[in-house]
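The values are calculated or read from the model by the stated rules, or taken from the named source; none is laboratory data. Fair warning: this is a prediction, and the values are worked out from it, not measured in the lab. Here Cβ is always computed from backbone atoms with ideal geometry, including for glycine, and neighbour counts include all displayed protein chains.
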Amino acid sequence: MKTQVAIIGAGPAGLLLAQLLTRSGIDSIVIENRSREYIENRIRAGVIEAGTVDILREAGVAEGALRDGIVHEGTALRFEGRTHRLDLVDLVGRGITIYPQHKLVGDLVAARLEAGHPILFETPVVELGDIASDEPTVTIERGGARETITCRFIVGADGFHGPSRQALPPEALTVWERDYPYKWLALMVETPPPSHELIYAAHARGFTLMSMRSPSVSRIYVQVPMEVDAEGWSDDQVWSELDLRLRDGEPVPLREGAITQRSTIHLRSFVAAPMRHGNLFLAGDAAHIVPPTGAKGLNLAAADVAVLGDALKRYFRHGDPSGVDDYSDKCLSRVWQVQRFSSWITHALHVSNDPFDQALNLASLRHIVESRHAALSFAENYTGLPLN
């Protein structure tokens with residue numbers, strides 16, 4: 001098989017890039033190790049920045065998010081028994097949209113298949129070859145046989161554990177990692193959200209994020225001790241803990257409901273640089289991971305492929321390699337700004353075992369709600385930095 005761009009990974013990054021390339025008349029093949037059913041039902045993020053919605057519009061796949069997404073013009077910080085609403089639209093002229101990632105993936109899959117372009121599901125990548133040449137290859141396994149895809153560029157959008165980053169020579173890669181001393185119990189609950197906007201709650205017993213997936217389904221994240229696993233707390237314990245954290249002071253009107261899904265999330269940061277080696281590009285979680293507190297993972301991946309899509313369009317249409325050459329530096333500049341914000345807000349909202357750090361965290365939160373300049377900085381980062 002031969003194509004212009006071989007894309008490894010049918011997550012949001014890989015599928016969105018493929019859609020952007022299709023709109024520019026550039027041929028691509030998407031290779032995915034998992035099944036279509038798996039990727040369309042994998043529960044992940046749900047917060048989409050205004051800039052990401054603009055990228056979806058450019059790709060022609062914004063209809064679902066615009067029709068079914070829940071637009072939030074503000075968000076709430078809750079600490080010391082009080083809830084403080086930040087009016088994002090008033091501060092920076094834009095809000096956020098709640099639209100589940102698996103629904104976005106479904107939109108992207110449908111758009112690609114309806115246009116007659118290939119996604120090779122349940123197709124493991126065996127090897128990436130000749131990535132420094134003008135004809136790199138991707139060796140795949142289908143039906144018990146191996147096939148080779150020859151292309152001009154390879155894009156690794158295959159997540160942290162995928163083969164793409166592993167194909168880079170170790171000496172060519174610099175890695176930064178940080179594990180945070182925080183762990184979340186992530187819950188899907190059949191109960192109406194207690195607020196029409198997200199609530200980020202810092203409490204002496206731990207952080208809680210009240211989010212949503214629909215008007216009748218809440219997505220709740222609860223900071224738990226590091227030793228607690230997904231089944232470590234009973235339903236009664238969950239509701240008792242939420243009651244303690246959210247009824248304090250000005251109570252949040254939370255109604256109990258059936259907990260339908262449970263998982264745990266370890267918070268960490270990861271950056272690999274450069275994001276390009278030869279004619280292999282890394283995008284999304286293959287190159288960077290941010291703690292989910294700032295809701296940046298999906299949006300950072302979308303920013304990567306928007307930059308890369310534009311660079312590849314200029315290359316194939318005009319023979320201009322400047323965007324390709326600048327891709328890594330341009331993306332990493334934004335990645336580190338997002339890491340900065342995500343790391344800061346993670347520490348500010350979580351309980352620290354160090355009393356001094358805990359006092360600093362509360363001072364940071366008070367500064368946001370007491371200073372318009374601080375609130376403006378928060379809103380600018382939370383709703384999404386510009387691509388340029």
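Residues that are of a type in the set (Ser, Thr, Tyr) and without any contact (Cβ under 8 Å) to a residue 60 or more places away in the chain occur at least once in the stretch 329-347. Would you check which residues across the stretch 243-256 are in contact with a strand residue (DSSP E or B) (Cβ under 7 Å, 6 or more places away or on another chain), in a loop (DSSP other than H, G, I, E, B) and within 16 Å of residue 221 (Cβ to Cβ) and list them? Passing the criteria: only 252. Looking only at residues in the stretch 33-48 that are among the charged types (D, E, K, R) and closer than 17 Å to residue 298 by Cβ, which one is farthest from the chain's Cα centre (by Cα)? So the residue we want is 40.
Conditions tested, residue by residue: (1) touching a helix residue (DSSP H, G or I) at 6+ places or on another chain (Cβ under 6 Å); (2) buried (at least 19 other Cβ atoms within 10 Å of the Cβ); (3) not hydrophobic (A, V, I, L, M, F, W, C).
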| site | (1), (2), (3) |
| --- | --- |
| 329 | no, no, yes |
| 340 | no, no, yes |
| 346 | yes, yes, yes |
| 356 | no, no, no |
| 359 | no, no, no |
| 368 | yes, yes, no |
| 371 | no, no, yes |
| 376 | yes, no, no |
| 380 | yes, no, yes |
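Of the residues examined, residue 110 is not one that is of a type in the set (A, V, I, L, M, F, W, C), modelled with pLDDT under 95 and either in contact with a Ser or Thr (Cβ under 8 Å, 6 or more places away or on another chain) or not in a strand (DSSP E or B) (or both).
Looking at 47, 92, which one is touching a residue at least 12 places away in the same chain (Cβ under 8 Å) and either assigned by TED's automatic domain parsing to the domain that holds residue 294 or in contact with a Pro (Cβ under 9 Å, 6 or more places away or on another chain) (or both)?
47
Candidates 142, 146, 152, 178: the one that is more than 22 Å from the chain's Cα centre (by Cα), in contact (Cβ under 8 Å) with a residue 60 or more places away in the chain and either more than 30 Å from residue 344 (Cα to Cα) or surrounded by fewer than 19 Cβ atoms within 10 Å (Cβ to Cβ) (or both) is 152.
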